[in-house]
Amino acid sequence: MKKVITLLFISGLLCGTAPAESLTLSVDKEKVVLGDGIYLSLNFEGAQDLPAPDLGTVDGFSSSRYLGPSSNLTIINGKSSASVSHAYLLAAVKTGTFNIGPFTVDYKDKQYTSNAITIEVVDKPASPANVNNREGEESRAEAKNIGDKIFLVIQPEKRKVYINEKFNLSIKLYVKDLDIRLSRGGVPQISHDGFSLAQFSQPRQYKDMLNGVYYDVVDFSVETFAVKSGELSLGPANFECYLMVKPERQRRLPSFGAFDGLIDDSLFEDFFGAARTQPLNLDAAGVGVVVSPLPEENKPANFNGAIGGFNLDAQAGPPEVSVGDPITLRLAVSGKGNFDTVTTPGLGLSENDFKVYEPRITNGENSKIFEYVVMPKTEKVTAIPGISFSFFNTADGRYSTIEKGPFPITVSKGRAETQKIVEQNPATQKTTVTQVLGRDIIYIKDLAGALRKKGHYLFKNRIFWLLQFLPLLCFVIVSLINKHYRRLMVDDAYAKKLKAPSVAAKGLKTAAAFLSDSKSREFYETLFKTLQQYLGYKLRLPWRGITVDIAGLLESKGWDKEIIDSLKHIFGQCDMARFSSQQFEPASMKEDLKTVKKIIDYSERRLK
């Protein structure tokens, strides 16, 4: 009876008058430094099951990062109240004064609108002595983009070049007073219609002064040359990096409702004070390059398109040979220029005097070597004729010709092969009568030999033809396997994409073990890391920076809304378990494990 009375008493408390439902927006700081972060909290009074709203694009700030929910239930004087608070992190990317909100949320066929908050973003913190003087000036100053502290520049070595002239192209990233992180193996993407680009070299890092300001510079260099003439453009270029956002330690964290005062704020400050990454896309405007065609005036007859400044070294040996003996003719082209345009020099040797084989070509860092094997056909040959090599020198804008030879040689007759005929002594010579067998007597075979069907030929056998394709099939299989393993060695993203299912299986197995032991914190930490690694490997992204923001990318790729919502739910559960002391029921954990398996199964079908 006492239990029934107690239950009725608690029910009466819960059924007390609830406060009016409302949506309130709050921030931890209304003035922030460029590149720093602020915490934003959306608090809903009247329910605990309001889903996390999508803030969309907030002017002056990078895309928001959802930190997780916190719910609250209080009973005071018989009146109950429930609320839920959703926390977000935003990074300031532009100076000026910006309005955040109002935000509108639809819940149970009703629409709720929050208040709006004004945030001021300044370039650098103001000293206490001149805060009042500068506030008026900053409010009137024009908003300055974060591009003043980080920007991308395209710098070709030359603005006027000849067609096929090789020159260096630099794409420089300038950074000042910001912490950034480059993605592994990431290089700028540049539009280069009309140009041929080699592979980017390892980027160089150094300091440089620009307009009287020192910057940290990351220099991406690549060799290029134009394949057509005219007024062309290199660029625009795009590069993706990650901005490291580290909120100030002393700022106050968002409200956690009933947990206020029960949780040590320093623990959260230590965590939330750690640097976070925000993706940042940088663009650089294209630059014009004037490409001139090669002049027709004074063009040598033997010019084959070589562009640059070159030298020619020629050697022939041995100088004394016999007819049919080989002579090695070595031509070495060295210097600076586009060696792709240096082709096989013409020797001009007569077919009646020499036999010439195809040259062996060796490419060096700044050289190209041609080795010919020639054979004299007659002893009348006294020299290998002179060789000329023509190229267009881009330094002075003129054609140049280098001549080498002739190369004297001495050719002798080949040694005559003598044959010794052994004659038989006539006195002892016997006359042998040659008898043609099978004319008068047909001999009887004592053995039948191998018997085979008449008209049976090996080339008509199907098995024989099938066996002919067996070596080709083996070669194709071995080639594909070799290509696969070579790609695994050089393509880290490809290797990780293949490794993603095994990483997911291992993580799910570990999470299941934590579920059996009822370790909710370790369980959700494992789920979070498994989703990070799996999606990072599959999408070829740095997995440590993956959070719930990945949902926007997947939504743009056409993923099902149900899967997107499930992914957001899992990230929210993981954040709540990792950053709060809330305990989870085994049934809820088991259901979340099934949801992660469902997400991974869908991804395996979607991202093949």
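Just to verify a result, which residue in the stretch 526-584, among those that are assigned to a helix (DSSP H, G or I) and basic (Lys, Arg), is farthest from Ser603 (Cα to Cα)?
Arg578
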Would you confirm whether or not the stretch 203-219 contains a residue that is surrounded by 16 or more Cβ atoms within 10 Å (Cβ to Cβ), touching a Gly at 6+ places or on another chain (Cβ under 8 Å) and part of a strand (DSSP E or B)? no
Subset of the stretch 274-319 [surrounded by fewer than 18 Cβ atoms within 10 Å (Cβ to Cβ) and of a type in the set (Lys, Arg)]: Lys299
In this structure, does Leu541 turn out to be surrounded by fewer than 15 Cβ atoms within 10 Å (Cβ to Cβ) and in contact with a helix residue (DSSP H, G or I) (Cβ under 8 Å, 6 or more places away or on another chain)? no
Filter the stretch 118-127 for residues that are assigned to a loop (DSSP other than H, G, I, E, B) and surrounded by fewer than 16 Cβ atoms within 10 Å (Cβ to Cβ); the one that is modelled with the highest pLDDT is Lys124
Going through the stretch 163-173 one residue at a time, which ones are outside any loop (DSSP other than H, G, I, E, B), crowded, with 21+ Cβ neighbours inside 10 Å and not hydrophobic (A, V, I, L, M, F, W, C)? Lys172
Could we say that Tyr494 is assigned to a helix (DSSP H, G or I), modelled with pLDDT under 85 and out of contact with any strand residue (DSSP E or B) (no Cβ under 6 Å at 6 or more places or on another chain) here? yes
Counting just the residues of the stretch 516-525 that are out of contact with any Cys (no Cβ under 7 Å at 6 or more places or on another chain) and in a helix (DSSP H, G or I), which one comes out surrounded by the fewest Cβ atoms within 10 Å (Cβ to Cβ)? Ser516
When the stretch 80-117 is examined, which residues are found to be farther than 25 Å from Thr547 by Cα, assigned to a loop (DSSP other than H, G, I, E, B) and under 37 Å from the mean Cα position of the chain (by Cα)? Thr95
Looking at the stretch 302-312, can you tell me whether even one residue there is in contact (Cβ under 8 Å) with a residue 40 or more places away in the chain, within 17 Å of Lys404 (Cα to Cα), among the hydrophobic types (A, V, I, L, M, F, W, C) and in a loop (DSSP other than H, G, I, E, B)? yes
Exactly one of (1) within 23 Å of the chain's Cα centre (by Cα); (2) surrounded by 19 or more Cβ atoms within 10 Å (Cβ to Cβ) is unmet by Phe528. Its number? (1)
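Which residues, taken from the stretch 335-367, are of a type in the set (Ser, Thr, Tyr) and either surrounded by 14 or more Cβ atoms within 10 Å (Cβ to Cβ) or within 21 Å of Phe392 (Cβ to Cβ) (or both)?
Within the stretch 335-367, Thr341, Thr343, Thr344, Ser367 qualify.
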List the residue pairs whose Cβ atoms are under 9 Å apart, where the first residue sits in the stretch 535-551 and is assigned by TED's automatic domain parsing to the domain that holds Leu67, the second is surrounded by 19 or more Cβ atoms within 10 Å (Cβ to Cβ), and the two are 6 or more positions apart or on different chains. none
Meets criteria (more than 19 Å from Pro279 (Cα to Cα) and at pLDDT 75 or above) for Asp59: no
Residue under evaluation Pro376, criteria (1) of a type outside the set (Ser, Thr, Tyr); (2) surrounded by 15 or more Cβ atoms within 10 Å (Cβ to Cβ); (3) over 29 Å from Pro295 (Cα atoms); (4) modelled with pLDDT under 90, criterion not met: (4)
Of residues in the stretch 313-348 being under 23 Å from Pro376 (Cβ atoms) and either in a helix (DSSP H, G or I) or among the hydroxyl-bearing types (Ser, Thr, Tyr) (or both), the one modelled with the lowest pLDDT: Thr344
Identify the residue in the stretch 577-608 that is among the polar types (S, T, N, Q) and in contact (Cβ under 8 Å) with a residue 60 or more places away in the chain and, among all such residues, is nearest to Leu539 (Cα to Cα). Ser603
With Glu371, Glu379 as the choices, which residue is of a type in the set (D, E, K, R) and outside any strand (DSSP E or B)? Glu379
Looking at (1) closer than 30 Å to Gly324 by Cβ; (2) polar (S, T, N, Q); (3) at pLDDT below 75, which one does Thr410 not meet, given that it meets all the others? (3)
Yes or no: the stretch 178-189 includes at least one residue that is charged (D, E, K, R), part of a loop (DSSP other than H, G, I, E, B) and at pLDDT below 90. yes
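The values are calculated or read from the model by the stated rules, or taken from the named source; none is laboratory data. Note that this is a predicted model, so its numbers are computed, not measured. Methodologically, a virtual Cβ is constructed for each residue, glycine included, from the backbone with ideal geometry; neighbour enumeration extends over all protein chains shown.
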